[in-house]
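One structure is given below, encoded as structure tokens.
The values are calculated or read from the model by the stated rules, or taken from the named source; none is laboratory data. Computed from a prediction, not measured in an experiment: that's the story for all the values here. With ideal geometry, Cβ positions are generated from the backbone for all residues, glycine too; neighbour counts draw on all protein chains shown. Heavy atoms of the whole protein, side chains included, go into the accessibility calculation; ligands, DNA and RNA do not. Shrake-Rupley method; radii C 1.70, N 1.55, O 1.52, S 1.80 Å.
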Amino acid sequence: MNEAEFPRKPLPPSTQALEGVTVLDFSHVIAGPFATYHLAALGARVIKVENPSGGDAVRNNPRSFTSLNHGKECVSLDLRHSEDVRTAQALLATSDVMVDNMRPGVLTRYGLGMEQARAMHPRLIHCSISGYGTAGDWASRGAYDHVIQAASGMAMMSGQAEDGPIKVGFPVIDCATGILAAFAILAALRRRDLTGLGESIDVSMLGAAMQLMYPMVVETLAKGEAPARRGNVGYSGSPAADTLTCADGLLAVGANTPVQLGKLGDALGIGVQIRALIEGQSTGFVTAARGAEIRQLLANAVRDQKVADLEDRLNKAGVAASKIRNLAESVSDATLSGALSPWMLPGDVPVAVPGLGFKTQSLFGGTSTPAWVKAPE
């Protein structure tokens, strides 16, 4: 198509990315709602379907519920009743996207499974979120974040060599699954713009875990053996990509290349000794041939220094470094520095959230508290 002959209709600058897109959301708890949180924030109309007997379990924590479901509309439907199934089908008829994180087969019992929904509405984008995907021997298994951390190998990769399995201390896979689902839905919407065709999307928590561990999974596929635990050492394996003990705290340092390691040495007053230990290395990551000696030099150099002073000095010298903070310290310091710009969501109890993790010059969608709406007759 020649755009000069068929120019696109100009839209106002305030147009939201997903304006005009309607999402029917059958998801609950974290992964699915986090996916549709992104879609709502980008301007989509999201209609959240909840069972009348209690609704989403996360409603027990109003702050969590609002942070995952703000900007959405809510409707109460019991799919065991034919009347409510017809209401769901009526909502589906006007939707562009359907999202669910039920166990595979649950919605099929009510005529709302992936293939059934797509058969009724060929332009529909249906995204199914599950623990292990919709096919295979594990498809029917239930899943929670810590269970997938166990199944994926993530828990066994964390910690020092002598440790037992250690899970990541927050629902990392739930959140990653939500982001991955939102990404897939956006890709499907773009494809539909080009072809007019809908799409069936199968997003699994296990798949999201593998994406998070991507470099390690690639190595494991190639070698057929599990990677060694790295503890607090950086992925590069450089002896100067590690955690150093200062007088009043811990400092994570990332000096991966010979140039970076030289800068680190200069900033600590041990540049001559460091360069002598890496002589002959000019490009790539620093090898650990004399890693023990380098680590000892660094440990001695920082032992009596304050972590905040070192953090500032090393970053000014061009070396990535950060004090190891707890989450409260990080949120406070990052906000003060401008690295984090929380959104404040209105409501009976206002809730601050970290936004979408990126910034643009365009406007996002609404940030209203979830409101109950009357379903279409």
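Quick notes
- Tabulated pairs, the range 287-315, first closer than 20 Å to N256 by Cβ, second among the basic types (K, R) and buried (at least 17 other Cβ atoms within 10 Å of the Cβ), C-beta under 6 angstrom, 6+ apart or interchain: E311/K323
- For A339, the conditions (1) among the small types (G, A, S); (2) closer than 30 Å to C175 by Cα; (3) outside any loop (DSSP other than H, G, I, E, B) all hold with the exception of (3).
- Number of residues in the range 67-83 that are open to solvent by 30 Å² or more (accessible area, probe 1.4 Å) and over 29 Å from the mean Cα position of the chain (by Cα): the value is 4.
- Taking the conditions (1) in contact with a helix residue (DSSP H, G or I) (Cβ under 7 Å, 6 or more places away or on another chain); (2) open to solvent by 50 Å² or more (accessible area, probe 1.4 Å) in turn, I324 satisfies each one other than (1).
- Comparison of Q149, Q160 shows that the only residue that is polar (S, T, N, Q) and over 23 Å from the mean Cα position of the chain (by Cα) is Q160.
- The set of residues from the range 49-68 being within 25 Å of V21 (Cα to Cα) and touching a strand residue (DSSP E or B) at 6+ places or on another chain (Cβ under 6 Å) comprises V49, E50, D56, T66, S67.
- From the options A150, A161, A181, residue that is open to solvent by 50 Å² or more (accessible area, probe 1.4 Å) and part of a helix (DSSP H, G or I): A150
- R123 vs. criteria touching a residue at least 60 places away in the same chain (Cβ under 8 Å), surrounded by 14 or more Cβ atoms within 10 Å (Cβ to Cβ), more than 26 Å from the chain's Cα centre (by Cα) and not in a strand (DSSP E or B): no
- Per this entry, S200 is counted among residues that are in contact with a His (Cβ under 9 Å, 6 or more places away or on another chain) and either hydroxyl-bearing (S, T, Y) or without any contact (Cβ under 8 Å) to a residue 12 or more places away in the chain (or both).
- Filter result (within 29 Å of L268 (Cβ to Cβ) and either touching a Ser or Thr at 6+ places or on another chain (Cβ under 6 Å) or among the hydroxyl-bearing types (S, T, Y) (or both)) within the range 321-356: S322, S330, S332, S337
- Among the residues making up the range 24-66, a single one is touching a residue at least 60 places away in the same chain (Cβ under 8 Å), out of contact with any Gly (no Cβ under 7 Å at 6 or more places or on another chain), over 20 Å from H126 (Cβ atoms) and open to solvent by less than 30 Å² (accessible area, probe 1.4 Å): F65.
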